[in-house]
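We did not get these values from a lab; they are worked out from the coordinates using the rules stated. Not measured: the values here are computed from a predicted model. Ideal geometry is used to build each Cβ from the backbone, glycine not excepted, and the neighbour counts take in all protein chains shown.
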Amino acid sequence: MLTKIEGVVLRTRDYGESNKIVTIFSREQGKFAAMARGAKKPKSRLGAATQPFTLGFFLCFSSSGMATLSQAEIIESNIHVRSDLLHTAYAAYWVEYLDKLTEEKVPAPFLFDLLLSMLNWLEQGLDPEILSRIFELKVLETAGYRPRLDGCVNCWRTEGPLAFSVSMGGILCHHCFNRDPQRIPITPAAAHVLKQLQRVTPDRLGQVNVKKETLLILEQVMRRFNDEYTGLFLKSRNFLDQLKRDWGNEEG
Amino acid sequence: MYIPDPISKLIDGFMRLPGIGPKTAQRLSFYVLSMEEEDVMELAKALVRAKRDLQRCEECSNITDQKRCRVCGDKGRDRSVICVVQDPRDVIAMERTKEYHGLYHVLHGAISPMEGIGPDELSIPDLLKRLEDETVQELILATNPNIEGEATAMYLQRLIKPFGIKVTRIAHGLPVGGDLEYADEVTLTKAMEGRREL
């Protein structure tokens, strides 16, 4: 059966001499793999359309096994994301994160629109660190992990010095600090930004200015939360860390 | 099913090769049995020699059976230009053009944000050492026009900037014999960007 599907290429893997197995993320079918025959040949029409982060219409022939890609038409190549190494590294992190936290062939309209918005915002120059935190919070929520950020996870209070408890899954007020010796101290600004990022819808996001120290706290909190609940080992995150370390020092 | 041990081991050996499944491995193994002993010995020796005798060229990191590869040892080559490629097979492809007379540098891979392959896993330090030699005037980045190749080119371009050497990227565009009507938007955009005056 031939189906035309709008989707974003998450990743590709070489197969044989000139074929590629392409993982596409779509609104209707979620994540699925398709064989792009001859996509590595210079004259193939599938070569450009099967580059990661490309949004396109994919005409797939599917029977019982893996679908075969027969035609592809690019809607948005996201070439500007791929023309900047740091942006490529952030987008690679997002697609791997999405890939690892979603099931195959489960419709995912919200996550599909979220990914499109993220790539769009990245191209428009929004801070990729903030975008990454939003993306993590939203994807985690659909996977069933939602940290409680609107009040203390133990007593609901919101005043005073705050901390984040990974094991309890949310903000801790100073009255409840003794509940978790491993808590991460966070500033009121970081707690506020985190709460806002959890609430914001991707289509409403505007220019967000957050101090570097706050960004570092947010990153630490989300990293520990991710490690605790998802247990994912992401190759792209290691690469991003290395790039931020090398290039961040150069720029700093 | 009874399979004599030597054949079983041979099948296992073939199955370690890429794209070879159990059925193909079995077919190849039985074909080897039907070959002349002399031919089998030649094949076995060639496999061992390829593994034992080949090493990386001390200058360009290409594979060679000597300390320096044939290209680096050739005094007629233009030593002011270095073409950076991902793989030894890319050197063979470039040499087939007979149009390039400079030197090469083989990275043995490409930076891959998706696979977490960083610059530390490539032969970049050897390249930087070569650039200290003042005879080098131009570096041609001939990595593949895909996400990994572009990432590698961007990384190298930024790394090499302080050396003050001219860094160029191979052109992207329409393949010879191709049809404009069937070209995709990205390729056409790149072709337009890289147009030149006649």
Practice item. Quick one: angle between helix A:188-199 and the longest Cα principal axis of chain A, in degrees between 0 and 90, rounded to 10, please. Key: 40 degrees
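Taking a ≥ b ≥ c as the square roots of the Cα gyration tensor eigenvalues, with a/c under 1.5 meaning rounded and otherwise prolate when a/b beats b/c, else oblate, which class fits the range A:81-249?
prolate
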Revision key, fill the gap. Rounded to the nearest 10 degrees, the helix B:147-160 long axis (Cα) sits at an angle to the longest Cα principal axis of chain B of 50 degrees
Exercise for review: Could you tell me how many degrees, from 0 to 90 and to the nearest 10, lie between the Cα long axis of helix A:235-251 and the main elongation axis, the longest principal axis, of the Cα atoms of chain A?
Suggested key: 70 degrees
Exercise for review: Straight distance only, please: which aspartates and glutamates reach the Cα of A:LYS211 with their own Cα at less than 14 Å, same-chain residues fewer than 8 apart left out?
Suggested key: A:ASP127, A:GLU129, A:GLU219
**Study point:** With at most 16 other Cβ atoms within 10 Å, longest stretch of chain A clear of loop GluC sites (Glu not before Pro) (DSSP)
**Key:** A:160-252
Review point. Rounded to the nearest 500 deg cm²/dmol, what is the calculated helix-only ellipticity per residue at 222 nm for chain A, with -39500 (n - 2.57) per DSSP H run of length n ≥ 4?
Key: -13000 deg cm²/dmol
Review point. For the cross-link pairs A:LYS20/A:LYS43; A:LYS20/A:LYS235; A:LYS138/A:LYS244; A:LYS105/A:LYS244, which exceed 25 Å when the distance is taken from alpha carbon to alpha carbon?
Key: A:LYS105/A:LYS244
**Study point:** Candidate lysines for bridging to B:LYS51, where Cα separation is under 17 Å - those fewer than 8 sequence places away on the same chain excluded
**Key:** B:LYS67
Review point. Using alpha-carbon positions, what is the distance between the centroids of the range A:198-252 and the range A:44-97, in Å?
Key: 24 Å
**Study point:** Charge sum, other residues only, whose C-beta stays under 13 Å from A:SER165's C-beta, Lys/Arg counted +1 and Asp/Glu -1
**Key:** +2
Review point. Fewest first, what order do B:ILE92, A:ILE74 take by the number of other Cβ atoms within 10 Å?
Key: B:ILE92, A:ILE74
Point to revise | Dipole of the protein assembly as shown, positive end: most advanced residue of B:PRO113, A:ALA189, B:PRO145 [Cβ charges, Cα centre] | key: A:ALA189
Point to revise | DSSP beta bridge pairing in the protein assembly as shown, given as percent antiparallel to the nearest 5 | key: 70 percent
Check your understanding: Taking K and R as +1 and D and E as -1, what net charge do the other residues with C-beta under 12 Å from the C-beta of A:SER70 add up to?
Key -> +2
Check your understanding: Could you name the lysines in cross-link range of B:LYS45, using Cα to Cα under 20 Å and dropping any fewer than eight places away on the same chain?
Key -> B:LYS9
Study note, to complete from the structure: Spelling it out for A:SER70: with amide H atoms placed in the peptide plane at 1.01 Å from N, the residues 5 or more places away or on another chain with amide H under 5 Å from its amide H are A:LEU59, A:CYS60, A:PHE61
